[in-house]
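> The structure follows.
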Amino acid sequence: MSSPDAAPDADRRTLVLDSAMATFARFGYRKTSMEEVARAAHISRPGLYFLFSSKETLFRAAVTQTLERDISAIEHTLADTGRPLPERLVDAFDRWAGRYVGPLSGDVMVVIEDNPGLLGEIADTAPRRFEELVTDAIASGATVEEAAPFARTLISTSIGLKHQAGSREFYVDRMKTAVALLVR
């Protein structure tokens, strides 16, 4: 049986991790201090250290929470078979990469990509899981082996667009075109 304080503690941890991710995105990993994160999370620095023993531990937990949240949302999006597959795919790619495009993105994915050694296995497992989800969605009328090249091509397109796009709208518009060309 969990204590009545368990939910507030989980909520507090979630809020701290959200604040940490925003702070890392704003300042980058190296320039972010535990003091900045504590201030953003509205807790004391000792309180932050009570939750996370180091900046590295905090960073890993914040990125893990963000990626797990994204993967969960993508699973739900792609599982909604009441919507056309191309629409689900564009929404999934928008969640995975599109929302990290443009000036308001805070360069979250850049922070993640620039610090892969700090992340542990989530740096490998989340992209692999994303590819599996996209492949499985495309394979609804084909085998996974037939669908995999299309999924990998869309992922490569997304990566290129993410670095080229100046706005989320541009990214989504180009992903719509790519999906329309590859997925029928």
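The values are calculated or read from the model by the stated rules, or taken from the named source; none is laboratory data. Note that the structure is a prediction, hence the values are computed from the model and not measured. Note that each Cβ is placed from the backbone with ideal geometry, even for glycine, and that neighbours are counted across all protein chains shown. Protein only, heavy atoms only, side chains kept; ligands, DNA and RNA dropped before computing areas. Shrake-Rupley method; radii C 1.70, N 1.55, O 1.52, S 1.80 Å.
> In percent, how large is the relative contact order of the chain, given Cα pairs closer than 8 Å and 6 or more residues apart?
The value is 23 percent.
> OK, next. For residue 153, put the label point 7 Å out on the Cα→Cβ axis and report which residues of region 123-145 keep their amide N under 19 Å from it.
Within reach of a label on residue 153: 131-145.
> While we're here: Using the Karplus curve 6.51 cos²θ - 1.76 cosθ + 1.60 with θ = phi - 60°, what ³J(HN,Hα) values do you get for each residue of region 50-65, in whole Hz, with x for Gly and Pro?
Running phi through 6.51 cos²θ - 1.76 cosθ + 1.60 with θ = phi - 60° gives 5, 7, 9, 6, 7, 5, 4, 5, 4, 4, 4, 5, 5, 5, 4, 4 Hz.
> For every other residue with a beta carbon closer than 12 angstrom to the beta carbon of residue 72, add +1 if it is Lys or Arg and -1 if Asp or Glu, then tell me the sum.
Net charge around residue 72: 0.
> If you put +1 on each Lys and Arg Cβ and -1 on each Asp and Glu Cβ, how big is the dipole of the chain around its Cα centre, in Debye rounded to 20?
500
> A follow-up question, please. Using only Cα atoms and rounding to the nearest 10 degrees, what angle (0 to 90) does helix 6-31 make with the longest principal axis of the chain?
It is inclined by approximately 80 degrees.
> Give, in nm to one decimal, the length gained when the segment between residue 83 and residue 53 is fully stretched (0.36 nm per residue of separation minus the Cα-Cα distance).
Working: separation 30, 0.36 × 30 = 10.80 nm, distance 4.44 nm.
Fully extending the segment from residue 83 to residue 53 adds 6.4 nm.
> Oh, and also: Tally Lys/Arg at +1 and Asp/Glu at -1 over every other residue whose Cβ is under 15 Å from the Cβ of residue 184; what's the total? Could the numbers behind the result be given before it?
Values: positive: 88, 176; negative: 87, 146.
Net of charged neighbours comes to 0.
> Still on this structure, please answer the following. Kindly express, to the nearest 10 degrees and within the range 0 to 90, the angle between helix 85-96's C-alpha long axis and the longest C-alpha principal axis of the chain.
30
> A further question follows. Carbon and sulfur together cover what percent of the accessible area of region 113-180 at a 1.4 Å probe radius?
Working: 1950 of 3770 Å².
The computed percentage sits at 52.
> Quick check: with the 1.4 Å probe, what order do 122, 74 take by accessible area, largest first?
122, 74
> Moving on. Would you list 33, 140 from the most to the least accessible area, probe 1.4 Å?
These residues rank, largest area first, as 140, 33.
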